[in-house]
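Just so it is clear, none of the values below were taken in a lab; they were calculated from the coordinates. The structure displayed is predicted, hence computed values, not measured ones. Every residue, glycine as well, gets a Cβ built from its backbone with ideal geometry; the counts of neighbours run over all protein chains shown.
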Amino acid sequence: MFLAVVASLTLYIMDARLDYFAQVRSLISSAVYPVQVAAGLPADFATWLSRSFQGRDQLQERIRVLEASQQLMSARLQRLQALERENLRLRELLGSSFRLQERIQIVQLLAVDSDPFSQQVVLDKGQRFGVYVGQPVLDAHGVMGQVSEVNLFSSRVVLVTDPNHSIPVQINRNGLRGVVFGRGPSQQLKMDYMPHNADVRVGDLVVTSGLGGIFPAGYPVGVVTEVNLPTGKAFADIAISPAAHLGTTREVMLVLPGETIDFDLPEPSVQMPDFLGIEEIEAGGVQ
């Protein structure tokens, strides 16, 4: 036992002071290294596996967040595009209202009659907003029709293309008066009771004549697209394309014929904002 202790101390002093066994220690470390690596493999594999699954979960979560963000941004972009189109339509309406003598009220279409032989639409304003039967209805381009039925919160409009609708008109070029009727699903109008020698030409602008007490004079109704003189008939066959965009308009104007705008007033110096939202227009319309 004593000899073993003495030998150990001798070897320790020789290695610590003289570095006598450095080469032997290096050889032994090289021989033991594979064993050390093999012993650490299970722990290293477990660590790598844990990190891999953790990184995969984080990546999947990030992908889900990015996909949700993309869907949200796409929905917002679509909404912005819709608002931009709505803004343009409202600009057209406002621009048209400034050219009219009467005051107007802006309303929106609530529904379209599914019956193809009944050219009618429903508006989102009724008696509570002063809508009345016979009130003229226009869009930014011309006459759409007139109110035929009024409820408390909504109203029904018969379009100019309805077969039961008629409107007194005149040719803007020469003042020739006539009556325009709807043709139903064809989305065209016809001018009846015009003799063969009437001065009506293709391209003539047809406007309201102001007769009948419903529509004030000067509102665009349509443009003459065809003039036929059928043999054996006393009247010419005149086709008119409506000026109003009946199939695409969403915002329309209700005319208040009893109230007029004073055009002698200077135009406001405030510039219209580049992006006009719905909330910037009062629910009651433009007054």
Normalised contact order of region 155-249, rounded percent, pairs of Cα under 8 Å and 6 or more residues apart: 24 percent
A convex hull over the alpha carbons of region 156-236 yields, per residue, a volume in Å³ of 99 Å³
Just to verify a number: FRET efficiency for Leu88 and Gln187, C-beta to C-beta distance, R0 = 22 Å, to 0.05? 0.45
Note to self: C-alpha centroids of region 216-249 and region 131-159 sit apart, in Å, by 21 Å
Given the peptides 166-175, 236-245, 139-148, arrange them by the average over their residues of other C-beta atoms within 10 Å, most packed first. 139-148, 236-245, 166-175
How large are Rg and Dmax for region 100-261 when only the alpha carbon atoms are used, in Å? 15.7, 53
